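Novice: Would you mind keeping the following structure in view while I ask a few things?
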Amino acid sequence: MARLQLPERERWEKILAESITTAEELHRLLDIRREGIEPVLSRYPMRINPYYLGLMKKSGDGVFEQGVPDSREILDLEGEEDPLREEDLSPVPGLTHKYPDRVLFLISNQCAMYCRFCNRKRKVGHPSTVTEETIREGLSYIRKTRSVRDVLLSGGDPLLLSDQVIFRILSELRAVDHVQIIRIGTRTPCTLPQRITPQLVRMLKGFHPLFISTHFNHPDEITSASAKACGRLADAGIPLGCQSVLLKGVNDSPDTMVRLMRKLLLIRVRPYYLFEADRVRGTSHFWTDVQTGLEIMRCLHKSISGLGIPQFVIDLPGGGGKVPLLPFGNDPGSRMQDSRSRIQDSRSEMQYEK
Ligand SMILES: *Cc1c(COP(=O)(O)O)cnc(C)c1O
Ligand code: SF4
């Protein structure tokens, strides 16, 4: 409870410092004894901070499964370490230049919680992957590459860096004439909303046009604390988007997804992408088939305004890039057919409601 008296700027660090990181703590504090977890942790780190832990209602729920390791992470060998070929498309380490006008720039290897399904599982939590040197080289690549108009800061989680370091990187980017848009990809509004302090927000506001892409996967992740964090960012004029991942056992049902999208709109976050889970090694127990995603998209279209509907995308293996998957079929014939049956459906629903 002592942490409640700390000033906000120190509180998030204290919460983070109290994270569960060992199998022993997992057993002692959570009474979880999952078979064969030790070897998983020596390969892929665990961090469950007390805030995120508090969102877990029961063993096996949609929040629990995102944060608690599973032996299948090292037993199932399906998939690849880097199916998106981020490393091959990196002109300098830690920066991926796949689309001409945009770069993905990794500036942190830490996260407030290590998601078990992470598509950068090979890197997150390993200190050697992002260093001052790789950040310097990334900035210098951006400076000399005039086609780059949009810089997407990612990691790891950029907001796990200190305000001072973030300020320095943003200042260097803003000093580059051809960089128009800066985006920050961060899961902290979901996994550690206490990170969104008034000081941080005041600083970020100085770097517009600045966008934030956050990442919620389950309606139980939307709390009064996350609403407050997103409210602060939105009040500072920062447009908020959400990139969710479709995960078996977490959110692979239309009902969960409809609730998630509705709650996101209530905290002023616009759903942006819903990703089909990448075929990354150690995550196969989360994979769904394409039909599941398409069915969910059909239900979203029936239930929510376009404002609350993300694009369902698959990031093609081999570095092919993101491709939208359409819920009503890609050929115009089947699309018409589908929309006819939708019209039928909604008519009968309306009659039913009368
Ligand atoms: C997803 C991604 C981006 C950003 O793509 P948008 O569709 O503009 O959000 C940029 N670079 C890489 C390598 C990406 O994977
Ligand atoms: S916050 Fe993002 S980068 Fe970090 S573990 Fe989760 S999905 Fe991966």
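Novice: Let me confirm something: among 285, 301, which residue is closer than 25 Å to residue 239 by Cα and either modelled with pLDDT under 95 or not hydroxyl-bearing (Ser, Thr, Tyr) (or both)?
Specialist: Among 285, 301, only 301 is closer than 25 Å to residue 239 by Cα and either modelled with pLDDT under 95 or not hydroxyl-bearing (Ser, Thr, Tyr) (or both).
Novice: Of the conditions (1) within 16 Å of ligand 1 (Cβ to nearest atom); (2) within 21 Å of residue 134 (Cβ to Cβ), residue 180 fails just one. Which one is it?
Specialist: Here residue 180 meets the rest and fails (2).
Novice: Still on this model: Got a sec? Which of 13, 25, 65, 38 is crowded, with 18+ Cβ neighbours inside 10 Å and assigned to a helix (DSSP H, G or I)?
Specialist: Residue meeting the stated conditions: 65.
Novice: Here is a list of conditions, (1) small (Gly, Ala, Ser); (2) away from ligand 2 (no atom under 16 Å from the Cβ); (3) within 21 Å of the chain's Cα centre (by Cα), and residue 185 meets all of them except one; can you say which number that is?
Specialist: Unmet condition: (2).
For every residue, the table says whether it meets (1) within 11 Å of ligand 1 (Cβ to nearest atom); (2) within 18 Å of residue 183 (Cα to Cα); (3) modelled with pLDDT of 95 or more.
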position	(1), (2), (3)
67	no, no, yes
101	yes, yes, yes
104	yes, yes, yes
111	no, yes, yes
115	no, no, yes
123	no, no, no
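Novice: Taking residue 207 as the residue in question, decide whether it is away from ligand 1 (no atom under 16 Å from the Cβ), among the aromatic types (Phe, Trp, Tyr) and either farther than 28 Å from residue 116 by Cβ or surrounded by fewer than 21 Cβ atoms within 10 Å (Cβ to Cβ) (or both).
Specialist: Taking the combined requirement at face value, the residue satisfies it.
Novice: Still on this structure, please answer the following. Can you name the residue in region 82-107 that is aliphatic (A, V, I, L, M) and within 14 Å of ligand 2 (Cβ to nearest atom) and, of all such residues, is surrounded by the fewest Cβ atoms within 10 Å (Cβ to Cβ)?
Specialist: The extreme case among them is 104.
Novice: Just checking, does region 130-142 include any residue being within 21 Å of the chain's Cα centre (by Cα) and within 23 Å of residue 98 (Cβ to Cβ)?
Specialist: Of all residues in region 130-142, those within 21 Å of the chain's Cα centre (by Cα) come to 130.
Next, from what is left, pick out any that are within 23 Å of residue 98 (Cβ to Cβ): 130.
Yes, region 130-142 contains at least one residue that is within 21 Å of the chain's Cα centre (by Cα) and within 23 Å of residue 98 (Cβ to Cβ).
The values are calculated or read from the model by the stated rules, or taken from the named source; none is laboratory data. Being a predicted model, the structure only gives us computed values, none of them experimental. Heads up, the Cβs are rebuilt from the backbone with ideal geometry, glycines too, and the neighbour counts pull from every protein chain shown.
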